[in-house]
Amino acid sequence: MSDQHSSPIKTPQQLVTVIVLAFVVPVLLIVLLVKFVAGEQTSGAGSTSMTPEAVADRLKPVGTVVLAEAGGARTLQTGQAVYKTTCAACHDTGAAGAPKIGDAAQWGPRLKQGFETLVKHATEGFKGMPAKGGNAALDPIEVARAVAYLGNQAGAKFKEPEALAAAGKPGERTGEQIVLAVCSNCHAEGKGGAPKIGVWDDWKPRVAKGLAALTASAIRGHKGMPARGGMAEITDAEMKRAVEYMFETYGKPSSTTTATAAPVAVAAAAPAAAAGKADSGAGEKLYKQTCSACHATGVAGAPKFGDKSAWAPRIQQGVDALVANVIKGKGAMPPRGSAGNASDAEIRAAVEYLIAQAK
């Protein structure tokens, strides 16, 4: 007589239920065990699973890309490169009323406004065009280069700005070169509230903060001053040298003046004889030491060395007038061309030397 065995599973429905439970129960046990080990609260008071941070953490991408500029500097793009990455979106098709690239008829009236006006519009934004074409990361020099590139495609003969490359080797330029090529654009006349070159009252509260604070402000930007004076290619070390140069040259009261007088003496125009006659070759020496930083390449609108057409209208003013302009400072050129220790006679000799090379 055989043994009789009975199964608790009597129907097909019971069989299906057992199979499902065989899969679901282990999975639930594993999930609960993981949460217990991790110590995560899933619901109720004190739960952190639904906080904005937790939700954002679950939704964030698997990986992220971080772009950084080594040493705080980067290589500036050409006008064509900026056009392709930023401007082409509108200027290729004429979207939003943008003048199409190469369309001389559309660009004609705009080119008549002049390069500086076009750069201003491109930098600040104009009508349907956002500031910097919508690319806030662009350096002002890159914007100007893009404007030159666009204008030249329609018949203009704009020259793309060379930035500081001509003023010295990138990363190794002196504080004086940075000041003359960049800082003086605002500090020479006190634009945007910048402390004016040679005015101790403007510099006194800044100097009180110390070199470290001034350098940090110059690098990151402060109030109306853009980061690195608007020139992204200037390294931290160069910015520090520029601040030190400004501090030492223009940030202290002169031992022979009152606290409100300019640290760099600004003399009235006077005949060279009053200051004594400069030694032979003094003009050339002073030019090479100081003036060449701007006049060798035409930085900040300075008439280039030996350029007859650029010097002609200036020569017509007469030597005395030119010497007076150098002593007092004019436009982007600071008082005495930053040669604070040069005598009036030496400055006159440098002016005469420059004039002689342009005749």
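The values are calculated or read from the model by the stated rules, or taken from the named source; none is laboratory data. Everything quoted here is computed from the prediction, not taken from an experiment. Don't worry about glycine lacking a Cβ; one is built from the backbone with ideal geometry, like all the others, and counts go over all protein chains shown.
At a glance:
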item: Selection from region 296-325 of residues that are at pLDDT below 85, in a helix (DSSP H, G or I) and either within 24 Å of CYS186 (Cα to Cα) or of a type in the set (Ser, Thr, Tyr) (or both); result: VAL299, ALA300, GLY301, ALA321, ALA324, ASN325
item: Matching residues in region 105-143 - criterion: being among the basic types (Lys, Arg) and more than 21 Å from the chain's Cα centre (by Cα); result: ARG110, LYS112, LYS127
item: Pair list, Cβ under 6 Å, 6 or more apart: region 114-129 residue farther than 15 Å from ALA96 by Cα and in contact (Cβ under 8 Å) with a residue 12 or more places away in the chain, other residue among the aromatic types (Phe, Trp, Tyr) and part of a loop (DSSP other than H, G, I, E, B); result: PHE115/PHE158
item: So THR11, is it at pLDDT 85 or above, over 30 Å from ILE234 (Cβ atoms) and of a type in the set (S, T, N, Q); result: no
item: Those residues of region 116-131 which are among the basic types (Lys, Arg) and touching a His at 6+ places or on another chain (Cβ under 9 Å), in sequence order; result: LYS127
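Here's the yes/no breakdown for (1) among the aliphatic types (A, V, I, L, M); (2) assigned to a loop (DSSP other than H, G, I, E, B); (3) at pLDDT 80 or above; (4) assigned by TED's automatic domain parsing to the domain that holds PRO109:
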site	(1), (2), (3), (4)
LEU138	yes, yes, yes, yes
LYS169	no, yes, no, no
LEU214	yes, no, yes, no
ALA218	yes, no, yes, no
